[in-house]
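These notes concern the structure reproduced below.
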Amino acid sequence: MPNTYGFVPREPLIFEHSVPGRRGVELPPLDVPEAELPPEEYLRDELPLPEVSETDVVRHFTRLSQLNFAVDIGFYPLGSCTMKYNPKVNDAIANLAGFLHLHPYQDETTVQGILRLMYELQAWLGEIAGLPAVTLQPSAGAHGELTGVLIIHAYHTSKGRRRHVILVPDSAHGTNPATVAMVGYRTVSIPTGADGNMDLDALKAALNEDVAGLMITNPSTLGLFEEHILEVAEAIHSVDGLIYMDGANMNAMVGVAKPGDLGMDILHYNLHKTFSVPHGGGGPGAGATAVRADLARFLPVPVVAKEGDRYYLDYDRPESIGRVRAFYGNVNNMVRGYVYMRMLGREGLEDMSRTAVLNANYIRVQLQDLYDLPYDRICKHEVVFSGKRQAKKGVRTLDIAKRLIDFGIHPPTIYFPLIVEEALMIEPTETESKATLDHFIAVMRRIAEEAEIDPDTVRSAPHVTPVRRLDEARAARRPVLRWTPEGAS
Amino acid sequence: MRYTPHTEAERQAMLKAIGVERIEDLFADIPAQVRFPSLDLPEGMSELEAQRLFAALAAENATVATHPCFLGAGAYYHFTPALLTHLLFRGEFYTAYTPYQPEISQGTLQVIFEFQTLVCQLTGMDVANASMYDGSTALAEAALMAVRLTRSRRTRLLISEAVHPEYRDVVATYSQGMDIELVPIPFDRRNGTTDVEAVRAALNEHTAALIVQYPNFFGQIEPLGQLGELIHGVGGHFVVSADPVALGLLKPPGDFGADIVTAEGQSLGIPLMYGGPYVGLFATRMKHVRQMPGRVAGQTVDIEGRRGFVLTLQAREQHIRREKATSNICTNEALIATAVTIYLSAVGRHGLRQVANLCYHKAHYLAQRLTALDGYELAFEGPFVREFAVRTPVPPAELNRYLWETHGIIGGYDLERAYPELKNHWLLTATEMNARADIDRLVEAVAGYPGSPAPSR
Ligand SMILES: Cc1ncc(COP(=O)(O)O)c(C=O)c1O
């Protein structure tokens, strides 16, 4: 089987490179006497892993990497995901031996440097949120949500009551209702008004003593600031509910408004969005969660604390919800995020959010004549269009997304928000130049034109990728989820 | 340092296009009384200054690369081949995100498909997902899935106390809001494995699952065959949290009828990193796939008939199913899963077995030498792989302090931390990273501990 077509890799599976008896990386010989192995009944007879050489491995994964698009290759305006540039210094520092080779159960006196870093990061995140108590344990945004909703649960339990409902706006990301369900609550969906704000009347109508709290994303997934946020907070607090703010969109908010000042009680960050931790093809992230001072007692154990000039892990928190994972979180990603924050500093962080908003609004005004703008007002870090107009010509948002690929641009988010028909959620981020934004705008305008005069070209896109559109229905109908020697193709 | 590239002229041109005078005008929708708060944070710095600041912080940590380390207890120091780091930091893997657009994500998707296959090969299961956050959350998700598999008619979960104490905590945290009854099952004090009679006594028709670890927290090998039969006897599910390096040697849980197998993948070439990011492996039976949490990649063809990969069975996931999803997980540990895929490819069939063997013989050498000292004896009978508990004549916390302060050795895990009944029990690990000379040094240092008798050769 040819491995390349010109320079376009066609890469077999690693298992298809395997040759019985081939060796890869060697390990050192045994330098101690051999012990007797456990009885036969404990031992496996075959270990069906691949057998390939080191050269095979390097070429295989290098070729596979070349089949990917990434931030390091080009513009990646995937809405809600904040695909900003990931500074290389973050990784250089995270890979220092003094951060890489630390066992989580080492004595605290031997890891004062990393504990101090974590302690300071907690303080920075607390200051930006206006919510002073922070846990770094959650591994990603959704894990921060779980932590937050468990804290809501613990809050009500501490008051000796059980509530059953959490309110979630209909524009919310899928993780919000999924999290609500994981803590045993029922989601009641709150509609969005014509102005893109949550429908206040509907919110008030849904309020009662069974409401444990509200999960709100602000700016919302429509890229819009929730203009009645202070009233919303007051309403929820009037029934002694708590407000969880999904901080996926904090890239618009740093130095713009503190969620704590907006009446929010709990917030998660996605360090992999706002603070430049690379997305790694789907993760790992880091999902620090910040809370109001009086909710600190519910945070997962341990939290990093300080006494005199000694940093330590504080386990003595009897009202804690418990651990949400083993050890202390995605520590190496905390290093990346904190490096970024320190380099930007106060002014740099303010400039970050302001520029992110500038870039999104620039795109908004340059495309709103050709693409339908469901909520016509100033946006925050992202702008959400609808491809309705193009859909009438038989060109779906999915087609527009695929056509962008032909121009070297990653498509925007199109699978949500669910309340926008044919949504195109565009988040440019602050690290893109005007030239890049202008190119994107020109391509989007061209595609709008193609939708009118040459829809087939758009509908059959992409044209110049290693594979073309894939048969997803077949994948789901007859799932092939692993390679087997029999099923080899 | 800033990463915002606009010149002042460009900024002005953009503001003009938008029709506002100043960037601040774009924030008129924020209530004035809370707009533009002052942040009490220091000013930024250049990359060079950051490098110096953080190098100084890193230098305040003592590393397992420069000090012999015998700690395990859920995180293990293993060899990372150079090619792994090199390949992993390719921007094409590193700075991409979830492969929502398969045409430009075949690299990530094929890696996930290979990862799923490797996890199945290792565990002896049919199907695996694209990763969970870590071993502990993978186990907690498995517990919730086991309840779902009974359509939530059964809500009683038996969990062995020989499961990692932090994993048990996480399972408890995840079960909090659900009406789940967690029943702890004691371990047998003689062999350190789950007490089979206690399991038998705790089983009933409400039991959704039995959860054990293999080898368990004490390093002991659980009798999976017997335990699996017991739980299946009442129609419950068998959930096993396994150690992937030990699976280089031991029969996989799949051979014992496990319904869900989870694992912490960190041992497979991932640096310790003070606890994360690691990666949770999650595997199950094909008949249960629709209740499996997390992403999964599947094989298909493109419109020209070429093989390709896509995310599939998404009707289980939060972005489609919302409150009915099998989990809320979205961002997972893709890059660490990629690292595991590279590692298992690079060491391969021969290498993983070799790693497991090196661990096995070194751990046994350490155990044999240590228990030759007066007052030190194996805490439990029966086989172990790379980790074991010893009874010590002095508190392990004091031993650890002495080893560190006088010899620069990072000792073992004091089991009393999590098991008050296991006073003077010390959990030790040896891997391919522990040279014989280090093991000898440890034993001699322990022998020299004031109050410890000399080695009896
Ligand atoms: C609005 C919103 N909320 C929550 C999440 C979940 O965050 P994570 O993927 O880090 O778990 C996302 C992620 O894409 C999001 O866009």
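The values are calculated or read from the model by the stated rules, or taken from the named source; none is laboratory data. None of the values given here were measured: they were computed from a predicted structure. In this analysis, Cβ positions are derived from the backbone assuming ideal geometry, glycine residues included, and neighbour counts consider all displayed protein chains. Side chains included, ligands, DNA and RNA excluded: accessible areas come from the protein's heavy atoms. Shrake-Rupley method; radii C 1.70, N 1.55, O 1.52, S 1.80 Å.
Residue-by-condition table, conditions (1) open to solvent by 10 Å² or more (accessible area, probe 1.4 Å); (2) over 27 Å from A:L313 (Cβ atoms):
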residue: B:Q213; (1), (2): yes, no
residue: B:E222; (1), (2): no, yes
residue: B:L227; (1), (2): no, yes
residue: B:V240; (1), (2): no, yes
residue: B:D243; (1), (2): yes, no
residue: B:A246; (1), (2): no, yes
residue: B:F256; (1), (2): yes, yes
residue: B:G265; (1), (2): no, no
residue: B:I270; (1), (2): no, no
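Name the pairs: first residue in region B:314-338 and free of Cβ contacts under 8 Å to residues at least 40 places away in the same chain, second residue within 15 Å of the ligand (Cβ to nearest atom) and of a type in the set (F, W, Y), Cβ to Cβ under 9 Å, at least 6 apart or on different chains?
B:H319/A:Y415; B:H319/A:F416; B:I320/A:Y415
Does A:A181 satisfy the condition of being farther than 16 Å from A:E231 by Cβ, over 19 Å from the mean Cα position of the chain (by Cα) and within 16 Å of the ligand (Cβ to nearest atom)?
Criteria met by A:A181.
Please identify the pairs in which a residue from region A:268-287 that is free of Cβ contacts under 8 Å to residues at least 12 places away in the same chain and farther than 13 Å from A:N90 by Cβ has its Cβ atom under 6 Å from the Cβ atom of a residue that is near the ligand (Cβ under 9 Å from one of its atoms) and among the polar types (S, T, N, Q), counting only partners at least 6 apart or on another chain.
Short answer, once both residue conditions are applied: A:G282/B:T98; A:G282/B:N332.
Of everything in region A:337-361, what is open to solvent by less than 10 Å² (accessible area, probe 1.4 Å) and of a type outside the set (A, V, I, L, M)? Give them in sequence order.
Answer for region A:337-361, where residues must be open to solvent by less than 10 Å² (accessible area, probe 1.4 Å) and of a type outside the set (A, V, I, L, M): A:G337, A:Y338, A:Y340, A:G345, A:G348, A:S353, A:T355, A:N359, A:N361.
What are the pairs, 6+ residues apart or on separate chains, where a residue within region B:19-38 that is at positive phi has its Cβ under 8 Å from a residue that is charged (D, E, K, R) and open to solvent by 50 Å² or more (accessible area, probe 1.4 Å)?
Correct list of pairs: B:F36/B:E24.
Just wondering, is there one or more residues in region A:236-247 that are in contact with a Cys (Cβ under 8 Å, 6 or more places away or on another chain) and either within 11 Å of chain B (Cβ to nearest Cβ) or of a type in the set (A, V, I, L, M) (or both)?
Looking for residues that are in contact with a Cys (Cβ under 8 Å, 6 or more places away or on another chain) and either within 11 Å of chain B (Cβ to nearest Cβ) or of a type in the set (A, V, I, L, M) (or both), one finds none in region A:236-247, hence no.
For region A:185-292, which helices (runs of 4 or more DSSP H) that fit wholly inside it have 2 or more residues that are touching a helix residue (DSSP H, G or I) at 6+ places or on another chain (Cβ under 9 Å) and away from the ligand (no atom under 16 Å from the Cβ)?
A:200-206, A:229-238
How about region A:31-52: which of its residues are open to solvent by 60 Å² or more (accessible area, probe 1.4 Å) and within 30 Å of A:H17 (Cβ to Cβ)?
A:D45, A:E46
How many of the residues making up region B:399-428 are of a type in the set (S, T, Y) and under 16 Å from B:E444 (Cβ atoms)?
Residues that pass the stated criteria total 2.
Suppose the filter is within 16 Å of the ligand (Cβ to nearest atom) and of a type in the set (G, A, S); does A:S65 pass it?
no
May I ask you to verify whether A:E307 is within 19 Å of A:L131 (Cβ to Cβ), of a type in the set (D, E) and away from the ligand (no atom under 16 Å from the Cβ)?
no
Evaluate region A:117-124: report whether one residue or more is within 15 Å of the ligand (Cβ to nearest atom) and touching a residue at least 60 places away in the same chain (Cβ under 8 Å).
For region A:117-124, residues within 15 Å of the ligand (Cβ to nearest atom) and touching a residue at least 60 places away in the same chain (Cβ under 8 Å): absent.
Quick one: which residue in B:I410, B:I336 is within 16 Å of the ligand (Cβ to nearest atom) and under 28 Å from A:P29 (Cα atoms)?
Every option except B:I336 fails the conditions.
Can you find, within region A:236-281, the residue that is surrounded by the most Cβ atoms within 10 Å (Cβ to Cβ) among those that are touching a Lys or Arg at 6+ places or on another chain (Cβ under 8 Å) and acidic (D, E)?
Within region A:236-281, the match that is surrounded by the most Cβ atoms within 10 Å (Cβ to Cβ) is A:D265.
Going through region B:252-299 one residue at a time, which ones are closer than 20 Å to B:Q213 by Cβ and either facing another protein chain (nearest Cβ under 7 Å) or among the charged types (D, E, K, R) (or both)?
The answer is B:P252, B:D255, B:D259, B:E264, B:L272, B:G275, B:G276, B:R285.
Could you tell me whether region B:414-431 includes any residue that is in contact with a Phe, Trp or Tyr (Cβ under 6 Å, 6 or more places away or on another chain) and over 25 Å from B:T63 (Cβ atoms)?
Among the residues of region B:414-431, not one is in contact with a Phe, Trp or Tyr (Cβ under 6 Å, 6 or more places away or on another chain) and over 25 Å from B:T63 (Cβ atoms), which makes the answer no.
For region B:80-98, which residues satisfy the criterion of being more than 7 Å from every other protein chain (Cβ to nearest Cβ) and in contact (Cβ under 8 Å) with a residue 60 or more places away in the chain?
B:T80, B:L84, B:L88
Mind listing just one residue for me: the one in region A:196-209 that is open to solvent by 70 Å² or more (accessible area, probe 1.4 Å) and of a type in the set (D, E, K, R) and, of those, farthest from A:E227 (Cα to Cα)?
A:E209
Exactly one of (1) more than 10 Å from every other protein chain (Cβ to nearest Cβ); (2) more than 23 Å from the chain's Cα centre (by Cα); (3) crowded, with 24+ Cβ neighbours inside 10 Å is unmet by A:G148. Its number?
Status for A:G148: all satisfied but (2).
Taking region B:418-438 as the region of interest, how many residues are of a type outside the set (A, V, I, L, M), within 20 Å of the chain's Cα centre (by Cα) and outside any strand (DSSP E or B)?
Adding up the residues that qualify gives 2.
What about A:A233, is it surrounded by fewer than 24 Cβ atoms within 10 Å (Cβ to Cβ), modelled with pLDDT of 95 or more and out of contact with any Pro (no Cβ under 9 Å at 6 or more places or on another chain)?
yes
Is there a residue in region B:285-295 that is open to solvent by less than 10 Å² (accessible area, probe 1.4 Å), at pLDDT 95 or above and in a strand (DSSP E or B)?
No, because not a single residue in region B:285-295 is open to solvent by less than 10 Å² (accessible area, probe 1.4 Å), at pLDDT 95 or above and in a strand (DSSP E or B).
Go through (1) without any contact (Cβ under 8 Å) to a residue 24 or more places away in the chain; (2) open to solvent by 10 Å² or more (accessible area, probe 1.4 Å); (3) touching a strand residue (DSSP E or B) at 6+ places or on another chain (Cβ under 7 Å) and name the single condition A:Q368 misses.
Result: A:Q368 passes all but (3).
Give me the residue from region A:81-90 that is open to solvent by less than 10 Å² (accessible area, probe 1.4 Å) and either under 16 Å from B:L48 (Cβ atoms) or not in a loop (DSSP other than H, G, I, E, B) (or both) and, out of that set, farthest from the ligand (Cβ to nearest atom).
A:V89
Just to be sure I understand the filter: pairs with C-beta atoms under 8 Å, separated by 6 or more residues or on different chains, first member in region A:88-103 and more than 7 Å from chain B (Cβ to nearest Cβ), second member of a type in the set (K, R) and surrounded by 22 or more Cβ atoms within 10 Å (Cβ to Cβ). Which pairs pass?
Pairs that qualify, where the first residue is more than 7 Å from chain B (Cβ to nearest Cβ) and the partner is of a type in the set (K, R) and surrounded by 22 or more Cβ atoms within 10 Å (Cβ to Cβ), are A:N90/A:R336; A:A94/A:R336.
Can you report the number of residues in region A:315-348 which are more than 27 Å from A:H103 (Cα to Cα) and more than 7 Å from every other protein chain (Cβ to nearest Cβ)?
The number of residues fulfilling the criteria is 1.
Would you say A:A423 is open to solvent by less than 50 Å² (accessible area, probe 1.4 Å), without any contact (Cβ under 8 Å) to a residue 24 or more places away in the chain and within 13 Å of chain B (Cβ to nearest Cβ)?
No; evaluated as a whole, the condition is false for this residue.
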